[in-house]
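Q: Attaching a single structure in structure tokens format; questions to follow.
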Amino acid sequence: MCLALPVRVVELKGGDMAVVDLGGVRKEISLALVDGVTTGDYVILHVGYALTRLDPAEAERTLATFAAAGIDAPASA
Amino acid sequence: MKRGFTRALDFRHGQVEMTHGSGGRAMAQLVEELFVASFDNEALRRMDDQAQVEVPPGRLVIATDSHVVSPLFFPGGDIGCLSVHGTVNDVAMAGARPLYLAAGFILEEGLPLADLRRIVESMARASRGAGVPVVTGDTKVVERGSGDGVFITTTGVGVVPPGVDVSGSRARPGDVVLVSGTMGDHGVAIMSLRENLSFGTTIESDTAALHGLVAAMLAVVPGIHCLRDPTRGGLATTLNELARQSGVGIVIGEDRIPVRGEVNSACEFLGLDPLYVANEGKLVAICAADDAQRLLGAMRAHPLGRDAAIIGQVIEDEHAFVQMDTAFGGRRVVDWLTGDQLPRIC
Amino acid sequence: MKYIDEFRDGALARSLGAAITREAAPGRRYGFMEFCGGHTHAIARYGVTDLLPGNVRMIHGPGCPVCVLPVGRVDMAIEIARRPGVILATYGDTMRVPASGRLSLLKAKAQGADVRMVYSTQDAVRLAEENPGREVVMFAIGFETTTPPTALAIKQAEAKGLANFLVFCNHVLTPSAISHILESPEVRELGTVPIDGFIGPAHVSTIIGSRPYEFFAEEYQKPVVIAGFEPLDVMQAILMLVRQVNEGRAEVENEFTRAVTREGNQKAQALVAEVFELRREFEWRGLGAVPYSALRLKDKYAAFDAERRYGLVDRQVADHKACECGAILRGVKQPADCKLFGTACTPENPLGSCMVSSEGACAAHYTYGRFRDFSRKSAAGGATP
């Protein structure tokens, strides 16, 4: 929905804050809505807060689904 | 030439005061110890209210620009050098050789003299670097709260050599569209400092005087049709202006437009489109298809055009739309900007 | 940019487009509503429509919290901003929304109201801390994605003992809006609007999970596929919807598995439940009053509620008589069907909710798709199909 981005956590700071990186641009954001985030994790960022962690395995699986669409799609009835 | 000022200006702790604009001794001191000293050329040293200069033969070009940028200092530049480059570029976009500048300052009471000196010295450096002296000027002071520290208006004059006819109305179907380098650097550098939107990047403003690049381009392709620098409103706005002026359509390719990775990322953060972000050291050129490769070569050979690229072509279109083939594979319209681009949440 | 660029790949787009074309039954028309403005924007910006077959149509829903914000609420925000001593903190999206009397927050700012654009509610809380003598009011808008940040800000203000931090709450709820659309006569009874399925919001779903949509799939027998924000996500979701329709299924499927689970973010949900409660009804611009579709602060947090502190009263402000937003939001009409589109109503001068924000159906069409009308007109030699 609203503008939200997958960003990488590069540094944890006190008080639920963290520094994240997107393509070389850094920003300080809040992790108050998500538990158990560590550096190297990717989170979805919206209005200065991480909403959830991004699951890299699922991301790969989704990309593979796109690639497979052209190959094993059933024909319509 | 000593004028008998009892004390030198205090650039460390002093501030602009109303008397500096009143026309009296305080103002004379500011003009002499700061402006004349920094810009340091024969015309200014005469201390007349105007400058008498020699102008070579050719069509005279005049351009003026007011600079109200905030913050005054940003990565890669400041309002001072911006005001020099901006007007030098406006003159250069006519294919003209810029000759002289005039500079008007509106100073806000309370502006630290240290900041003013920093700005003026930056202007002087930019002016010397461009080879375009500031030969006359004016200073006024407004009350605290009436300005953003300082507003600068620069006016430039130049001369167009014979055989050159550059105008926004000369684009024709079949022409090729080029840019001199990466888009969006300046606007993102400014945004990185704005209140509530700070983030650490290595992006710097691209502010630069482009007349050297223009001269190099005209030397190889004197028949360039259009030149314009995509400042406020970015590349998209400039292309729309040119399309409308010439009564043609333009089609560009998204993956042909050079944009630095970090500028892309910063724009993602803010929900901005790099096509609409300001540039201060880049130009758009439109030329006949046959001249395109040679023009591109000339641009890339110049330090300010290393990342030059062909980004699209001009087509027939009575609606004067600017369209873009997206990297994704679809086509969309690149419309005029609606007001300022503001960062969004949705 | 990782997890962004890969999801915009042109080659994959073409093969997904080919798959959709192959699987969409010829002679059958498919109409899918993408509820969320972010999806409308992705479709328009990347030209996804160019890659879809002619019998698959996207219907743009009301999913932009700025678009559906009634003029009366913007008037109230301006009124708050004009109170002496108040700093109104707002996201950039609302600054230019036209309100009554040709005003907007931007214009009110020009007239002297202290309106400050913020990127995050944290900035608003900081403003309150730094300006103890002023009242800082956060103009809180947004769907379920943006609500937890507001809840956090209130808790933070409470913890810091900030008596000068207030919230003007306009948070709205997605599932209620979807219900409302599905309940409209054209869709439910007459079946005149062929909404065959929904693309569910991406980031709202990270918070609320996929569970709330199971109700729609069941009750209205319409498939829902929750899709990520990138154009490939949208295309994959369309493919999944086509398959569900072909197979006669009406399930909730999740394409955005990298960020959405069935349960969602329970920590965020708990936080919101602690601070907010449902309003009995709330006006959505273009949709009228929608029951149980919006939030207000609980009594426990009344001290932070701008509406209560200032005794603000809701006001109804009607839209232009010829405005077709209501029909467009339900998918009954398209932007080009509205008499005002592109003439009296443009992005510079929006008259209705669909044009107000860049994500609205009319704004997106005007900015990105308008030229299609022209080229179709000249090709067909007549009206748009």
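Rule-based calculations on the coordinates, nothing more; no lab input. In this text the structure is predicted, and so the values were computed from the model without any measurement. Note that each Cβ is placed from the backbone with ideal geometry, even for glycine, and that neighbours are counted across all protein chains shown.
Q: Identify the residues of segment B:215-258 with backbone N under 16 Å of a label point that sits 7 angstrom from the Cα of B:S169 along the Cα-to-Cβ direction, or state none.
A: Answer for this model: B:225-227, B:241-248.
Q: Mind checking the full-extension length gain between B:R294 and B:A37? Use 0.36 nm per residue of separation minus the Cα-Cα distance, one decimal, nm. Please list the in-between numbers first.
A: On the way: separation 257, 0.36 × 257 = 92.52 nm, distance 4.34 nm.
Full-extension gain reported as 88.2 nm.
Q: Evaluate the Kirkwood expression for the hydrodynamic radius of the protein assembly as shown, namely the inverse of the mean inverse distance over all pairs of different C-alpha atoms, and round to one decimal in Å.
A: Numbers: mean 1/r = 0.0350 Å⁻¹.
Here the Kirkwood hydrodynamic radius works out to 28.6 Å.
Q: Please name which of B:G312, B:S192, B:A208 has its Cα lying farthest along the dipole of segment B:176-333 towards the positive end, using unit charges on Cβ (Lys, Arg +1; Asp, Glu -1) and the Cα centre as origin.
A: The residue sitting farthest along the positive end of the dipole is B:A208.
Q: For helix B:113-130, report the angle its Cα long axis makes with the longest principal axis of the Cα atoms of chain B; keep it between 0 and 90° and round to the nearest 10°.
A: 50
Q: Positive end of the dipole of the protein assembly as shown, charges at C-beta (+1 Lys, Arg; -1 Asp, Glu), about the Cα centre: which of C:I4, C:S120, B:L101 has its Cα farthest in that direction?
A: Projecting each Cα onto the dipole axis, the largest value belongs to B:L101.
Q: Can you pull the one-decimal nm distance between simple spin-label points at C:Q221 and B:D138, each 7 Å off the Cα toward Cβ?
A: 7.8
Q: Next up: If Rh is defined by the Kirkwood formula over all Cα pairs and Rg also comes from Cα, what ratio Rg/Rh do you get for chain C?
A: 0.98
Q: Going by amide H atoms built from the backbone, whose H comes under 5 Å of the H on A:R26, apart from near neighbours?
A: For A:R26, the qualifying residues are B:G200.
Q: Under 22 Å between alpha carbons, and skipping anything fewer than 8 positions from C:K339 in its own chain: which lysines qualify?
A: C:K321, C:K377
Q: I would also like to ask the following. Assigning unit charges at the beta carbon (Lys, Arg +1; Asp, Glu -1) and nothing else, what dipole magnitude in debye, to the nearest 20, does the protein assembly as shown show about its Cα centre?
A: The calculated dipole for the protein assembly as shown is roughly 780 debye.
Q: How big is the equivalent ellipsoid of segment A:5-69 along its three axes, where each semi-axis is √(5λ) from the Cα gyration tensor, reported in whole Å from largest to smallest?
A: Numbers: eigenvalues 119, 28, 19 Å².
So the equivalent ellipsoid measures 24, 12, 10 Å along its semi-axes.
Q: Hey, fewest Cβ within 10 Å first, where do C:S184, B:S205 land in order?
A: Arranged by neighbour count, lowest to highest, C:S184, B:S205 become C:S184, B:S205.
Q: Please compute the modelled spin-label separation between C:E281 and B:E316, points set 7 Å along Cα→Cβ, answer in nm with one decimal.
A: So the label points at B:E316 and C:E281 sit 5.8 nm apart.
Q: Taking R0 as 56 Å, what FRET efficiency do you get between B:V53 and C:D50 from their Cβ-Cβ distance, rounded to the nearest 0.05?
A: 0.50
Q: Follow-up question, since we're still on this one. Are any of the pairs C:K155/C:K300; C:K160/C:K298; A:K13/C:K298 more than 21 Å apart by Cα-Cα distance, and if so, which?
A: Check vs 21 Å cut-off fails for A:K13/C:K298.
Q: Something else now. Per-residue ellipticity at 222 nm for chain B, helices alone: DSSP H runs ≥ 4 residues times -39500 (n - 2.57), over residue total, nearest 500 deg cm²/dmol?
A: -7500 deg cm²/dmol
Q: Looking at B:C287, B:N240, B:G253, which one has the Cα that reaches farthest to the positive end of the dipole of segment B:192-306 (charges on Cβ: Lys, Arg +1; Asp, Glu -1)?
A: The Cα lying farthest towards the positive end belongs to B:C287.
Q: Return the percentage of antiparallel bridges among DSSP beta bridges fully within chain B, rounded to the nearest 5 %.
A: Of the beta bridges lying entirely in chain B, close to 75 percent run antiparallel.
Q: Report, in debye and to the nearest 20, how large the dipole of chain A comes out about its Cα centre when Lys and Arg carry +1 and Asp and Glu carry -1 on their Cβ.
A: For chain A, the charge dipole is close to 200 debye.
Q: Here is a follow-up. On each of the three principal axes of the Cα atoms of segment B:176-333, give max minus min coordinate, whole Å, ordered largest first.
A: Extents along the principal axes, in whole Å: 47, 35, 25.
Q: Now for a different question. Between C:A289 and C:R308, how many nm apart are label points set 7 Å from Cα along the C-beta direction?
A: Going from the C:A289 label point to the C:R308 one covers 2.2 nm.
Q: Give me Rg/Rg_expected for chain B, where Rg uses Cα atoms only and Rg_expected = 2.2 N^0.38 Å with N residues.
A: 1.06
Q: In whole Hz, what ³J(HN,Hα) sequence does segment C:313-328 give by Karplus (6.51, -1.76, 1.60; θ = phi - 60°), x for Gly and Pro?
A: 3J(HN,Hα) across segment C:313-328, in whole Hz: 10, 5, 10, 8, 10, 6, 7, 3, 4, 8, 5, 9, 4, x, 5, 5.
Q: Applying 1/(1 + (r/R0)^6) with R0 = 25 Å to the Cβ-Cβ distance of A:K13 and C:R262, what FRET efficiency is obtained, to the nearest 0.05? Intermediate results must be reported in sequence, preceding the final value.
A: On the way: r = 32 Å, r/R0 = 1.28.
Computed FRET efficiency for A:K13 and C:R262: 0.20.
Q: With the contact rule set at Cα under 8 Å and sequence spacing of 6 or more, what percent relative contact order holds for chain B?
A: 20
Q: Estimate the FRET efficiency between C:H320 and C:E348 by the formula 1/(1 + (r/R0)^6), using the beta-carbon distance for r and 22 Å for R0, to the nearest 0.05.
A: 0.90
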